[in-house]
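To keep things clear, I will list the structure first and then write my remarks on it.
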Amino acid sequence: MSEQTELRQGISEHLGQFSLHVLLVFATGLTIGSERTVVPVLGEDVLGVESFLVIGSFVVSFGFVKALLNLYAGKWGEEYGRKPVLVAGWLTALPIPVILIFAPNWWWITLGNVLLGINQALTWSMAINAKIDLAGPDQRGLAVGIDEAFGYTGVAVGAWITGVIAGQTNLRPEPFYFLAAVVVLALLISIVLIKETVQFAQMEGDDDHHDANLPFDEVLKRATYGDRTLFAAAQAGHIENFVDTLFWIAVPLYLTSQDLAIEAVGVVVGVHSAMYFLQIATGGLADRIGRRPPVVAGMFLAGAGVLGMVLVDGYLPWAIMAAASGLGMALLYPNLMTVPGDAAHPTWRSAGMGVYRMWRDAGYGVGAILIGLSMEFVSAEAAFYMTAIAMFVSGAIVYLWMEETHPDFGTHEPPAPAPETPTQATAED
């Protein structure tokens, strides 16, 4: 019996390494969360940016870069292993605090967010794939739920801490000293303590399976439009990131325009992200009842929470609506990502999830453009209405087209494989 076949999966069997990856995804959340409250207000109050569309440009650069790198991060994770890609992601983050502290104009912030997009794509992609590698198929939903819960708790904590620091000191440089400490610590943990996990995915693979070793272009086609269920997941992931973008750009500016203090804005934004911690429960729930029910419910609840933000007035009602939209995101977010994890063969699962994450995070860029245009040419409230309507339409597509992918009681059947060419047959023989 080979050493590879003796490898055992399970969270409890690898609790030490699994916990380190949880800590790292928390740090990934802290990194992006450190921008959530402070940076949009920094652009308006310190750098003198008056255009909502220009303010949104820093999320556009982040979203499209992260989307593209997500596509290749999964591929690189299979070719080179999870750890080298993870370390590269944290190395990329080192200049970000320096840029935010010394940026003379808004375009430097936009450039810094290119690096943030690379950092988030590489580190979060590898964190989630490593957890799935260690957990195995029976705990896949729980692993994704834990990953997303701690990652977005990091976003909430980062938004809250930097909001408090900015409220008590200045919008810069003090909040970004905290960010610098997070990045350096995460890089050291990645280099010194993290071990490679790709061998667990390789062990899961069955070379006789008809889906094994799909070429990358075939993975891209299948996870985009070749499978109706995966298309439904990809478009839903794309649209739901409009909500995250709204809380990054529009919510801080809208609430400050309503005379809410920066510390209170940090709490409202943080409450939304803090609800993502419930993904520990919703990911495990989907292991028991399937992926589809929480995804459908979450799409409509998140949309309703966004709509409610402009239908209520006051600190507490805004916090309640933010929490409702966050709960909806907690229901849908990990379980949408588990869909390609279920449907993909282990040998191309990392690449398949990379395709999903590409389409999902392109939603940051598209959402930032649409939200910026709505705020610029209609009103701040229009951005909320647009996002809510998009969520309702996307949720309807999920309801109509997405089949259940849970391996125990799913109804999803992948499309038939392409006919084998003589060259492929010879190579396999």
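How many residues does region 301-316 contain that are farther than 19 Å from Ala234 by Cβ and in contact with a helix residue (DSSP H, G or I) (Cβ under 7 Å, 6 or more places away or on another chain)?
Summing the residues that are farther than 19 Å from Ala234 by Cβ and in contact with a helix residue (DSSP H, G or I) (Cβ under 7 Å, 6 or more places away or on another chain) in region 301-316 gives 10.
Does region 196-205 include one or more residues that are part of a loop (DSSP other than H, G, I, E, B), surrounded by 20 or more Cβ atoms within 10 Å (Cβ to Cβ) and modelled with pLDDT of 85 or more?
Yes, region 196-205 has at least one match.
Please specify each residue of region 46-105 satisfying the condition of being of a type in the set (Ser, Thr, Tyr) and part of a helix (DSSP H, G or I).
Residues satisfying the conditions are Ser57, Ser61, Tyr72, Tyr80, Thr92.
Can you pull out the residues in region 17-54 that are more than 14 Å from the chain's Cα centre (by Cα) and β-branched (Val, Ile, Thr)?
Answer for region 17-54, where residues must be more than 14 Å from the chain's Cα centre (by Cα) and β-branched (Val, Ile, Thr): Val22, Thr37, Val38, Val39, Val41, Val46, Val49, Val54.
Just to verify a result, which residue in region 314-345, among those that are out of contact with any His (no Cβ under 9 Å at 6 or more places or on another chain) and outside any helix (DSSP H, G or I), is farthest from Ala156 (Cα to Cα)?
So the residue we want is Ala344.
Against the definition (out of contact with any Asp or Glu (no Cβ under 6 Å at 6 or more places or on another chain) and under 24 Å from Leu142 (Cα atoms)), how does Glu50 come out, yes or no?
The answer is no for Glu50.
Yes or no, residue by residue, for (1) under 20 Å from Ile11 (Cα atoms); (2) surrounded by fewer than 24 Cβ atoms within 10 Å (Cβ to Cβ); (3) in contact (Cβ under 8 Å) with a residue 60 or more places away in the chain:
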residue	(1), (2), (3)
Leu69	no, no, no
Tyr72	no, yes, yes
Trp90	no, no, yes
Ile99	no, yes, no
Asn119	no, no, yes
Leu122	no, no, no
Ile132	yes, no, yes
Val164	no, yes, yes
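State whether the residues of region 298-320 include one that is closer than 30 Å to Thr224 by Cβ and of a type in the set (Ser, Thr, Tyr).
No - not one qualifying residue is present in region 298-320.
Is one or more of the residues making up region 414-429 crowded, with 24+ Cβ neighbours inside 10 Å, more than 30 Å from Leu307 (Cα to Cα), touching a His at 6+ places or on another chain (Cβ under 7 Å) and at pLDDT below 95?
Among the residues of region 414-429, not one is crowded, with 24+ Cβ neighbours inside 10 Å, more than 30 Å from Leu307 (Cα to Cα), touching a His at 6+ places or on another chain (Cβ under 7 Å) and at pLDDT below 95, which makes the answer no.
What residue, of Gly145, Gly158, is assigned to a helix (DSSP H, G or I), of a type in the set (Gly, Ala, Ser) and at pLDDT 85 or above?
After applying the criteria, what remains is Gly158.
For region 206-265, name all the residues that are at pLDDT 85 or above, crowded, with 17+ Cβ neighbours inside 10 Å and of a type in the set (D, E, K, R).
Within region 206-265, Glu240, Asp244 meet the criteria.
Which one of these is modelled with pLDDT under 90, of a type in the set (Ser, Thr, Tyr), buried (at least 22 other Cβ atoms within 10 Å of the Cβ) and under 22 Å from Val366 (Cβ atoms): Ser34, Ser51, Ser61?
None of the others qualify; the one that does is Ser61.
Which residue pairs have Cβ atoms closer than 9 Å, lie 6 or more positions apart in sequence or on different chains, and pair a first residue in region 139-157 that is under 18 Å from Leu285 (Cβ atoms) with a second residue that is among the charged types (D, E, K, R) and not in a helix (DSSP H, G or I)?
Going by the 9 Å Cβ cut-off, the qualifying pairs are Gly141/Arg291.
The values are calculated or read from the model by the stated rules, or taken from the named source; none is laboratory data. What you see is a predicted model, and the numbers here were worked out from it, not measured in a lab. Glycine also receives a Cβ, built like all others from the backbone with ideal geometry; neighbour counts cover every protein chain displayed.
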